[in-house]
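Since the structure comes first, as structure tokens, the remarks are kept for the end.
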Amino acid sequence: MQITTSYTVPIMRQLIVVADNKKETKLAKKHMIGDRQVDEQLMRQTEQCCMKALHLCVDIFLKEWDTLGPLPTTAKKGCPCRKRTADCMIHTTKDNKAKYTEFDEQNPGMTSNTRRALISKALGMVSSYKSNLANWQALKPDERGAEPTLGFPERYELTFYKQDREVCDIEKGYIGLKLYSGKVWEWYYFKIKPSDAKYIAHLIKTRSLLSPVIDKVKGRYQIRFSFEENKKLVSDKEPLTYTVLGVDLGINSPASWCVMTADGTVHAKGVIHLKRDEDHLEHRINRKRMYQSEGKKSHSIYRLVNHANDSLSIDTCRAIMDVAVLYNVDCIVFEHLDNQSKIKGKKYRERIHLWRAIEVQKRVELHAHRNCMRISRVCAWGTSKYAFDGSGEVTRGEKAGLNTYSVCRFPNGKVYNCDLSAAQNISARYFLREYAKLYPDAGLPATPQRTYTTLYDFVKSIAA
């Protein structure tokens with residue numbers, strides 16, 4: 001499985017260098033004599049150059065679409081592909097004379113990777129436009145809306161391929177990029193933070209570096225590094241041999257978990273409490289309420305709330321993965337959440353608004369795949385509503401004679417942690433779904449009602 005991650009680092013300064021022919025590497029040949037702020041005109045000229053080249057390619061491919069359209073998009077033996085034919089139309093080489101020489105005249109020195117990326121983007125835009133136009137023309141005149149147009153991007157995203165970047169000295173905090181100065185394409189060097197440089201250099205050794213991208217956020221330039229790694233997940237042919245970790249993400253506690261196998265045996269269970277992060281978030285929420293009650297407006301207080309919430313999400317993910325690695329589980333099971341229902345109640349309204357269950361699931365999914373574990377999601381209906389032992393609906397709060405909603409009372413009178421019961425239901429529901437695939441005539445209820453059937457009773461009936 002391919003796992004792609006990205007890390008964004010700010011550009012601190014642009015280096016001023018001079019040639020030093022005694023050294024070997026590209027950056028070593030340049031002797032640094034100082035630094036300056038990032039040249040915005042340089043970035044703007046490179047972006048404008050790529051945008052003009054994109055417009056030119058689109059205009060040419062529109063004229064030649066009768067020739068390019070029927071060609072296959074992938075190369076086949078004995079048949080020219082669309083991308084290669086388009087490249088030959090605009091670029092002159094030793095063995096090829098371009099039909100349209102404007103591209104080479106306007107973009108001298110552009111690297112082949114950048115040119116091919118522009119051609120691919122232009123072909124995609126023209127192909128999409130032509131198909132949309134054909135669908136629009138096929139409609140009746142009274143059913144047609146506005147005629148489709150070419151969707152040019154507002155700005156070109158500066159992407160640096162292998163020929164356009166120099167990362168051999170990234171450990172020292174230097175990166176070289178090939179940019180357009182207004183006349184020629186030249187190498188320019190930039191400085192990033194030493195801590196960021198060491199981390200990026202460490203990742204390059206263990207993962208494949210994809211093409212970095214330069215973004216401008218709030219007036220400052222930053223580089224987005226993307227990495228790709230391949231992991232072989234646990235085989236999915238025999239899911240009933242898995243050891244699963246059922247996780248219930250809650251409001252009263254960050255998460256509750258249960259380690260279970262296919263016969264219904266619970267090997268371990270527990271509740272994750274992060275008192276420091278929870279108290280920190282509650283303190284920030286109370287401070288925000290105080291500001292609101294006094295009629296004050298401050299962006300910093302909202303930023304502090306979001307920062308505390310992010311910290312809680314990260315630590316929750318770390319705690320879940322620690323449990324998964326400790327018990328060597330094969331699959332982590334979550335509820336399928338949509339968060340589209342109306343929020344009820346006053347006490348936990350703020351916490352529910354800030355509840356980042358989806359973000360925690362995404363973080364856990366990334367780290368689980370890195371550890372060769374699988375991720376699964378089950379129907380969330382009834383996991384907290386019904387007791388894990390199959391005795392029926394649980395009661396909470398005043399109806400159960402309890403002063404808290406963190407615990408519930410089963411129909412048989414047992415008082416139990418509500419989130420922990422839900423975690424056991426989630427684990428059991430995963431195996432019940434897998435058993436339903438193997439035994440379609442076993443009489444299992446529909447998916448939302450499977451909590452009525454306990455995994456223990458079902459396995460016992462199959463064995464009998």
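Derivation of every value follows stated rules applied to the coordinates shown; laboratory data play no part. From a predicted model like this one, the values you see are computed outputs, not experimental measurements. When we count neighbours, we look across all protein chains shown, and the Cβ atoms used for this are built from the backbone with ideal geometry, even at glycine.
Tabulated data for the structure shown
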| read-out | value |
| --- | --- |
| Proximal aspartates and glutamates relative to K237, as straight alpha-carbon distance under 14 Å, when same-chain residues fewer than 8 apart are discounted | D330, E434 |
| Spacing of the two label points (7 Å from each Cα toward its C-beta) at C372 and T447, in nm | 3.0 |
| Nearest-0.05 FRET efficiency for K140 and D39, computed from C-beta distance (R0 45 Å) | 0.25 |
| Label point distance in nm, D104-N412, each placed 7 Å from Cα along Cα→Cβ | 8.4 |
| Efficiency of FRET between K198 and K362 - r from beta-carbon atoms, R0 41 angstrom, step 0.05 | 0.95 |
| Members of K297/K399; K77/K178; K275/K385 lying beyond 29 Å, as alpha-carbon distances in this model show | K297/K399; K77/K178 |
| Cys with no candidate disulfide partner in the chain (beta-carbon separation under 4.7 Å rule) | C49, C50, C57, C79, C81, C88, C168, C258, C317, C331, C372, C379 |
| Extension gain from R220 to H273, taking 0.36 nm per residue of separation minus the Cα-Cα distance | 15.2 nm |
| Options (i) -0.90; (ii) -0.62; (iii) -0.54 - which one matches log10 I(q)/I(0) by the Debye sum over Cα atoms at q = 0.09 Å⁻¹ as calculated here | (i) |
| Residues with amide H under 5 Å from that of Y221, placed H, sequence gap 5 or more | I11 |
| Contour excess over end-to-end distance, with Cα ends at W381 and V325 and 0.36 nm allotted per residue | 17.3 nm |
| Where N is the number of residues in segment 63-121, Cα Rg divided by 2.2 N^0.38 Å | 1.13 |
| Label point distance in nm, Y405-I16, each placed 7 Å from Cα along Cα→Cβ | 6.3 |
| At most 15 other Cβ within 10 Å, DSSP loop - trypsin sites (Lys or Arg not before Pro), segment 289-340 | K296, K297 |
| Other-chain or far-sequence residues with amide H under 5 Å of L158's (modelled H) | I214 |
| Subset of K183/K218; K191/K362; K231/K362; K52/K83; K83/K162 violating a 26 Å alpha-carbon distance limit | K183/K218; K191/K362 |
| Sites matching GluC sites (Glu not before Pro) across segment 127-196 that sit in DSSP coil, with at most 14 neighbouring C-beta atoms within 10 Å | E143, E154, E157 |
| At most 14 other Cβ within 10 Å, DSSP loop - trypsin sites (Lys or Arg not before Pro), segment 153-209 | R155, K183 |
| Shape of segment 240-463, Cα gyration tensor, a/c cut at 1.5 | prolate |
| Surrounding net charge for N417, when Lys and Arg each add one and Asp and Glu each subtract one, Cβ distance under 14 Å | +1 |
| Potential lengthening between R303 and T85 on full extension [0.36 nm per residue; Cα-Cα distance subtracted] | 73.3 nm |
| The chain - mean residue ellipticity at 222 nm from DSSP helices (-39,500 (n - 2.57) per run, n ≥ 4, rounded to 500) | -12500 deg cm²/dmol |
